[in-house]
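Reading through the structure tokens given below for one structure.
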Amino acid sequence: MSVPAASLPRKAAVSGALGGGLKRVLGPDHRLGYLFITPIVLLVLSLVAYPFTYAIYLSMTHKLVGLPPIFVGFENYIRLTWDGFFQRAVVNSFIFTFGSVGFKLVLGVIMALVLTSRIRWRSFWTGVLLIPWVAPTVVSALNFLWIFDGSLGVLNYLLVRVLRILPQGVGWLSEPGTAMASVVAVNIWRGFPFFGISFLAGMKAIPAELYEAAAVDGATALQRFRHVTLPGIRNIMIIVVLLSTIWTFNDFQIVYILTKGGPGGTTMVMPVLTYETAFGAQRLGEAIAVALYLLPALAVTIIVLARYMRKARTR
Amino acid sequence: MDSRLSNLAEQLAAGLMARREFLRKAAVITGGTAAGLDVLRTMAHAQSGPKLRVWLFKSYVTAGNDILAKQVENWAAERKVQVEFDWATFGDREQKFVAAIEAGNPPDIAEMNYQGPMRYRPALRDVTALAKDIAGARGGLLPYADRVVQLNGQYFAVARLAFGGGLHVRKDLIEEKGLKMPKVYDPDVVEVAKKTQDPSKELWGFGQTLNRSDDARGFLQNLLWDYGGSVWDKDGKPALATSNLKANTAAMQFAVDTIQKHKIQPPGVMGWTDLHNNEAFMAGKLVMTNNGASLYYAMGAKKNPLYDKTQVILTPGGPAGSFFFAGAYNWGLFKASKHAELCDDLVRWVEDEKRFEEYMSACSGQAGPVYKKRAEHPYWKTNPNYEGMKENIVRSVWPGYPGPITPAAVEVEAQYILADMGGRIVTGGLSIDAALKEAHKRVEDIHRIRSRG
């Protein structure tokens, strides 16, 4: 016979309520429930919670390779706040991320629209457009390193020798403007197929009747896109933008291979700065502080977008 | 699956055995097998001798890498030691050291670059006796190499070699124009470059990036010294934008002028990494470039037609003289090793003069001397280009010069502070004065942080 929870001390009441709840759901095997969730709880604690907490601790230390960490509180964060190189890396990271994601969004929508229209060899084109996404980033970046090379690169060769558009080659990776544009371009090239394929899946799920009804009501193609297609893929758009923002913000390979953050720090983004601080300067505490510095801002962005998405779904 | 376990499983499935009985018997079988395997493994270890983890550096001079690996293997066979090799490259060396040291699992012995002894000192064994013994038998260490491997009289590594290098010059083009080999950057290099280059044919006089790279770091460091400046003063205090400001400004002005005023560098040079000047030189697009011996080696190995048309000369100088830093590679012996004596023995084995000679002869000038007697080896006279490389090394100074070498001086090198400064001027539009002050602040930060320990 069960004892009423109200008659137990508070602690026992809570555990009793939890146990009771689990017992109600799982029946006589409720003890097995604990057994089953223990591994995943341990896994999350050991592989996520512990490293994350330890990282926060290390970011508040002066930690050099081979020496024990010395706790310095928020010194690393304060120092970074006033560090010109760090400030430029923050600005560059936002330019790189939002520049890339914006273009990927537009190109992704165009790709999806083209692939939903009646074109010949649609499957073939879908496969071709997916190549940048499936190719290993390192391979793509190394290819672009060669393409952008100022004196031996194929891009300058085409522009100067073949098409004769320019009198002299451009230092694509050596000028501040073109270097940032080049790394953004490679990120766009690599990332837009993910947008396109995701939007394509979303568009295919929109009932054809909606388009027919809109057409009957005299809606133009643009109006059908605005009032049927866009609302139909809105949730997918939010998820894709959210994911891509996180991935692009943390993208290391493209920038590191193409410019290593140069020239003169003009393409230095947060992941590369983290890497350079950890392995170049070998200041591990400060490197983790660099990595964690913008975590709250990213977390807020994710929470806001996730809430917006949930609200939209409720409506 | 073990046949005994299969039988048990079948009996369980047929209802001939209780679950508890199955678990008990299965535990006995698996536990017994595991224990047996462990005993066998221990016996195998006991028979095959101790195991040594050796990290070597994979340089671009592959013939040298092969010889060194073979020498280590021969030593292992002779001493009945198992050797587990791993290779570090320019791209992953520091990452591997950091990860291994932080994980408490460094190799027993590793080939390190000049930054190793200062940076990984806490994990390295004091090898003063061994280092002095080896150096003593070879006429003593050259001054720059001595400073790289020791701090306050304590040796943290055993010096091995220095990467030779110098100004690689297209002697055919110089001779064609009736010019002399340059001795100073300004005006010699500028004039030779202007008179030999032909931008319409994409041939540029000088190829020397100021972008984040080892090439830029080395070039700018040498240039500051050439003009009488330095990052540091004689006491080892930051002096980039203080007592050395005037000389450093003149040096940086020259570096920037090669791109912006004299226009002797190819477009895109500020986007170059360490490999770009090698590729451009080998493709016949440069008249002059500073580089390590690996460029000369690669041209020979690939039978590049420019190999015979290339002369490697002393790195040019400036108003205060001609300076150079040759990074001394060395053996780091880690405290965590349980085989200290074997590590010492291995170092003595590979540093044996006959074996080093075999290695040096395959390295096309890259295995430069760190010991006085090795600098006198006849090998260096077998090719005029080798002699240029060797002379560069013999006169080498050290990071931190004119002050002492310190962990902070090494970190300024490792963080590409000077290369970043060059980039900020050329591509960031900063004035030389502002860039020097910005870099000086970074150097002060490093000095403050590294002074803590």
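Numbers at a glance
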read-out	value
Residue in the stretch B:41-50 that is of a type in the set (D, E, K, R) and at pLDDT below 90 present	yes
Any hit, the stretch B:257-270, residues being out of contact with any strand residue (DSSP E or B) (no Cβ under 9 Å at 6 or more places or on another chain), surrounded by 24 or more Cβ atoms within 10 Å (Cβ to Cβ) and within 14 Å of another protein chain (Cβ to nearest Cβ)	yes
Of the criteria (1) within 13 Å of chain A (Cβ to nearest Cβ); (2) hydrophobic (A, V, I, L, M, F, W, C); (3) out of contact with any Gly (no Cβ under 9 Å at 6 or more places or on another chain), which one B:Val397 fails	(1)
Any chance A:Phe52 is surrounded by fewer than 14 Cβ atoms within 10 Å (Cβ to Cβ), without any contact (Cβ under 8 Å) to a residue 40 or more places away in the chain and among the aromatic types (Phe, Trp, Tyr)	yes
The lone exception for B:His440 - which of (1) within 14 Å of chain A (Cβ to nearest Cβ); (2) out of contact with any Leu (no Cβ under 7 Å at 6 or more places or on another chain); (3) modelled with pLDDT of 95 or more it fails	(2)
Members of the stretch B:400-424 that are assigned to a loop (DSSP other than H, G, I, E, B) and touching a helix residue (DSSP H, G or I) at 6+ places or on another chain (Cβ under 8 Å)	B:Gly400, B:Tyr401, B:Gly403, B:Pro404, B:Ile405, B:Thr406, B:Gln415, B:Tyr416
Any helices (runs of 4 or more DSSP H) falling wholly within the stretch B:292-396 and containing at least 3 residues that are under 24 Å from B:Trp87 (Cα atoms) and of a type in the set (D, E, K, R)	B:340-350, B:353-361
Residues satisfying the stated conditions in the stretch A:84-126, i.e. aliphatic (A, V, I, L, M) and not in a helix (DSSP H, G or I)	A:Ile119
Criterion (part of a helix (DSSP H, G or I) and more than 31 Å from the chain's Cα centre (by Cα)) met by exactly one of A:Arg79, A:Arg31	A:Arg31
Flag if B:Glu341 is without any contact (Cβ under 8 Å) to a residue 40 or more places away in the chain and either in contact with a Ser or Thr (Cβ under 6 Å, 6 or more places away or on another chain) or farther than 29 Å from A:Ser174 by Cα (or both)	yes
Any chance B:Lys302 is out of contact with any Leu (no Cβ under 6 Å at 6 or more places or on another chain) and either over 30 Å from A:Leu152 (Cα atoms) or in the same structural domain as B:Arg121 (by TED's automatic domain parsing) (or both)	no
Residues (within 8 Å of chain B (Cβ to nearest Cβ) and not in a loop (DSSP other than H, G, I, E, B)) located in the stretch A:252-303	A:Glu276, A:Ala278, A:Phe279, A:Gly280, A:Arg283, A:Leu284
Checklist (1) within 14 Å of another protein chain (Cβ to nearest Cβ); (2) touching a Phe, Trp or Tyr at 6+ places or on another chain (Cβ under 9 Å) applied to B:Ala251, failing item	(1)
Of the criteria (1) over 30 Å from A:Ile288 (Cα atoms); (2) within 11 Å of chain B (Cβ to nearest Cβ); (3) assigned to a loop (DSSP other than H, G, I, E, B), which one A:Gly66 fails	(1)
Qualifying residue in the stretch A:150-171 (condition: within 13 Å of chain B (Cβ to nearest Cβ), over 30 Å from A:Ile233 (Cα atoms), in contact with a helix residue (DSSP H, G or I) (Cβ under 9 Å, 6 or more places away or on another chain) and among the charged types (D, E, K, R))	no
Selection count where residues are more than 12 Å from B:Ala159 (Cα to Cα), away from every other protein chain (no Cβ under 11 Å) and in a loop (DSSP other than H, G, I, E, B), scope the stretch B:104-120	3
Search result, residues across the stretch B:277-289 that are crowded, with 23+ Cβ neighbours inside 10 Å and within 7 Å of chain A (Cβ to nearest Cβ)	B:Ala280
Evaluation of B:Leu430 against (1) more than 30 Å from B:Met270 (Cβ to Cβ); (2) in a loop (DSSP other than H, G, I, E, B) (one fails), failing number	(1)
Subset of the stretch A:90-109 [free of Cβ contacts under 8 Å to residues at least 40 places away in the same chain and among the β-branched types (Val, Ile, Thr)]	A:Val91, A:Val106
In the stretch A:174-183, residue nearest to the chain's Cα centre (by Cα) [restricted to those that are within 7 Å of chain B (Cβ to nearest Cβ) and within 21 Å of A:Phe249 (Cβ to Cβ)]	A:Ala179
Test for B:Ala326: is it under 30 Å from B:Pro187 (Cα atoms), modelled with pLDDT under 95 and not acidic (Asp, Glu)	yes
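The values are calculated or read from the model by the stated rules, or taken from the named source; none is laboratory data. The structure displayed is predicted, hence computed values, not measured ones. Neighbour counts run over all protein chains shown; Cβ positions are idealised from the backbone, glycine included.
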